[in-house]
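Enquirer: Below is one structure. I have some questions about it.
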Amino acid sequence: MGDIIDGKAVAATVTAEVARRVEGIVAQGVRPGLAVVVVGDHEPSRIYVRHKMRGCERVGIRSAVHALPASVTQEEVLAVVERLNADPEVHGILVQLPLPPGLGTRTILHAIDPHKDVDGFHPVNMGQVATGRPPLAPCTPKGVMRLLREYEVPIRGAHAVVVGRSRVVGRPMAALLLAADATVTICHRHTDDTAAHTARADILVVAVGVPELVRGSWVREGAVVIDVGISRSSSGRLVGDVCFAEVQPRARLITPVPGGVGPMTIAMLLENTCVLAERLRGLPPWPPLGSPA
């Protein structure tokens, strides 16, 4: 029976580290600032934004929500982004996804100053992730790497399989694992016999948004399983992309849904905001979070 990876506990550790980091930045005359742009009335987005704002409040980051109606034009959204790009008190900018139909997600994300791109989705920042030297990484993959480190999961030389190739999780996740010297396989909708690949994984990361896609027979004994997905089942339960009941008996470590990767995403958003504040203000960087000071 696999042990549970407690994302809430690790996120609390990271949040405490970030609070100390914010204190150090404030002592040098700067308060990190995060701006979130949310468009329309997508209720899950509103919930996510509230969680992010509470996280900012807990650690002392200045935050502001720029709520726009669903009827807003792309030009109006871009104007807000440009205003935030020029605001010296804003160090991180986040556009909450998904955007309403009719708005060009790629165009809007690419308009964010890469030096303020707290999510790490700008092509400049994604390119740095791909080359293995990112100043910051997208929040969810970065959170997964922190979980692996906290639970002392050997990555160098391990066979890591990432199911899903999205720009938000799958691709940067694979790049971070590769930079940590794992041997990486990426599976996607056109992969022939995905289960044959996942069954060979030492580390399995699943991020496809398909409820309980990965079954027990897909996972080898002793694997470390990271479930990034979260959906509602037909009965209304929150479930991940992994069938927890079948996979836990086979795994060595496994993330639950909820309470696994989700809390880490917000913790890494706070950390990334500090990184950007330090870079934009020319402050000396803090030692990497989780490493000896």
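Enquirer: Looking for something of a type in the set (D, E) and not assigned by TED's automatic domain parsing to the domain that holds M145 - is there at least one such residue anywhere in region 241-263?
Expert: No; the residues of region 241-263 include none that is of a type in the set (D, E) and not assigned by TED's automatic domain parsing to the domain that holds M145.
Enquirer: On the basis of being touching a residue at least 24 places away in the same chain (Cβ under 8 Å), in contact with a helix residue (DSSP H, G or I) (Cβ under 6 Å, 6 or more places away or on another chain) and assigned by TED's automatic domain parsing to the domain that holds L147, does I203 make the cut? Steps first, answer last, please.
Expert: Numbers: touching a residue at least 24 places away in the same chain (Cβ under 8 Å): yes; in contact with a helix residue (DSSP H, G or I) (Cβ under 6 Å, 6 or more places away or on another chain): no; assigned by TED's automatic domain parsing to the domain that holds L147: yes.
It is false that I203 is touching a residue at least 24 places away in the same chain (Cβ under 8 Å), in contact with a helix residue (DSSP H, G or I) (Cβ under 6 Å, 6 or more places away or on another chain) and assigned by TED's automatic domain parsing to the domain that holds L147.
Enquirer: Another question, if that's okay. Is it true that G229 is surrounded by 14 or more Cβ atoms within 10 Å (Cβ to Cβ) and not hydroxyl-bearing (S, T, Y)?
Expert: Criteria met by G229.
Enquirer: Then there's this: Could you figure out which of (1) in contact with a Gly (Cβ under 6 Å, 6 or more places away or on another chain); (2) surrounded by 15 or more Cβ atoms within 10 Å (Cβ to Cβ) isn't true of A70?
Expert: (2)
Enquirer: If a residue must be surrounded by fewer than 20 Cβ atoms within 10 Å (Cβ to Cβ), touching a residue at least 60 places away in the same chain (Cβ under 8 Å) and within 18 Å of the chain's Cα centre (by Cα), how many such residues does region 98-123 contain?
Expert: Final tally of qualifying residues: 1.
Enquirer: Looking at region 124-142 only, could you name the residues that are surrounded by 19 or more Cβ atoms within 10 Å (Cβ to Cβ) and either in contact with a Pro (Cβ under 6 Å, 6 or more places away or on another chain) or under 17 Å from I93 (Cβ atoms) (or both)?
Expert: Scanning region 124-142 gives N125, M126, V129, L136, A137, P138, C139, P141.
Enquirer: Which is assigned to a helix (DSSP H, G or I) and either aliphatic (A, V, I, L, M) or more than 30 Å from R83 (Cα to Cα) (or both), of V161, V153, V129?
Expert: On inspection, the qualifying residue turns out to be V129.
Enquirer: Could you grab me the full set of residues in region 152-189 that are modelled with pLDDT under 95 and among the β-branched types (V, I, T)?
Expert: V168
Enquirer: Also, I was wondering about something else. Residues in region 61-81 that are touching an Asp or Glu at 6+ places or on another chain (Cβ under 9 Å) and not hydrophobic (A, V, I, L, M, F, W, C): how many?
Expert: Adding up the residues that qualify gives 3.
Enquirer: Out of all the residues in region 189-213, which are within 18 Å of R171 (Cα to Cα), part of a loop (DSSP other than H, G, I, E, B) and over 19 Å from the mean Cα position of the chain (by Cα)?
Expert: Across region 189-213, the qualifying residues are R189, H190, T191, A201.
Enquirer: Can I ask one more? Looking only at residues that are of a type in the set (G, A, S) and out of contact with any helix residue (DSSP H, G or I) (no Cβ under 6 Å at 6 or more places or on another chain) in region 35-90, which one is farthest from R106 (Cα to Cα)? Working first, answer last.
Expert: Going residue by residue through region 35-90, those that are of a type in the set (G, A, S) are 35, 40, 45, 55, 60, 63-64, 67, 70-71, 79, 86.
Narrowing further to those that are out of contact with any helix residue (DSSP H, G or I) (no Cβ under 6 Å at 6 or more places or on another chain): 40, 45, 64, 67, 70-71, 79, 86.
Details: G40: 17, S45: 18, A64: 23, A67: 19, A70: 17, S71: 18, A79: 15, A86: 20 Å.
Per the criteria, the residue is A64.
Enquirer: With the requirement that a residue be among the acidic types (D, E), touching a residue at least 24 places away in the same chain (Cβ under 8 Å) and not in a loop (DSSP other than H, G, I, E, B), what does region 59-94 give you?
Expert: Selection gives E82 alone.
Enquirer: Looking at this structure, is R21 part of a helix (DSSP H, G or I) and either within 22 Å of V81 (Cα to Cα) or touching a Gly at 6+ places or on another chain (Cβ under 8 Å) (or both)?
Expert: Numbers: part of a helix (DSSP H, G or I): yes; either within 22 Å of V81 (Cα to Cα) or touching a Gly at 6+ places or on another chain (Cβ under 8 Å) (or both): no.
For R21, the condition - part of a helix (DSSP H, G or I) and either within 22 Å of V81 (Cα to Cα) or touching a Gly at 6+ places or on another chain (Cβ under 8 Å) (or both) - is not met.
Enquirer: Name the single residue that is modelled with the lowest pLDDT among those in region 266-293 being of a type outside the set (G, A, S), outside any helix (DSSP H, G or I) and within 20 Å of the chain's Cα centre (by Cα).
Expert: L289
The values are calculated or read from the model by the stated rules, or taken from the named source; none is laboratory data. All values reported here derive from a predicted model rather than from experimental measurement. Neighbour counts are summed over all protein chains in view; Cβ atoms, including those assigned to glycine, are modelled from backbone coordinates with ideal geometry.
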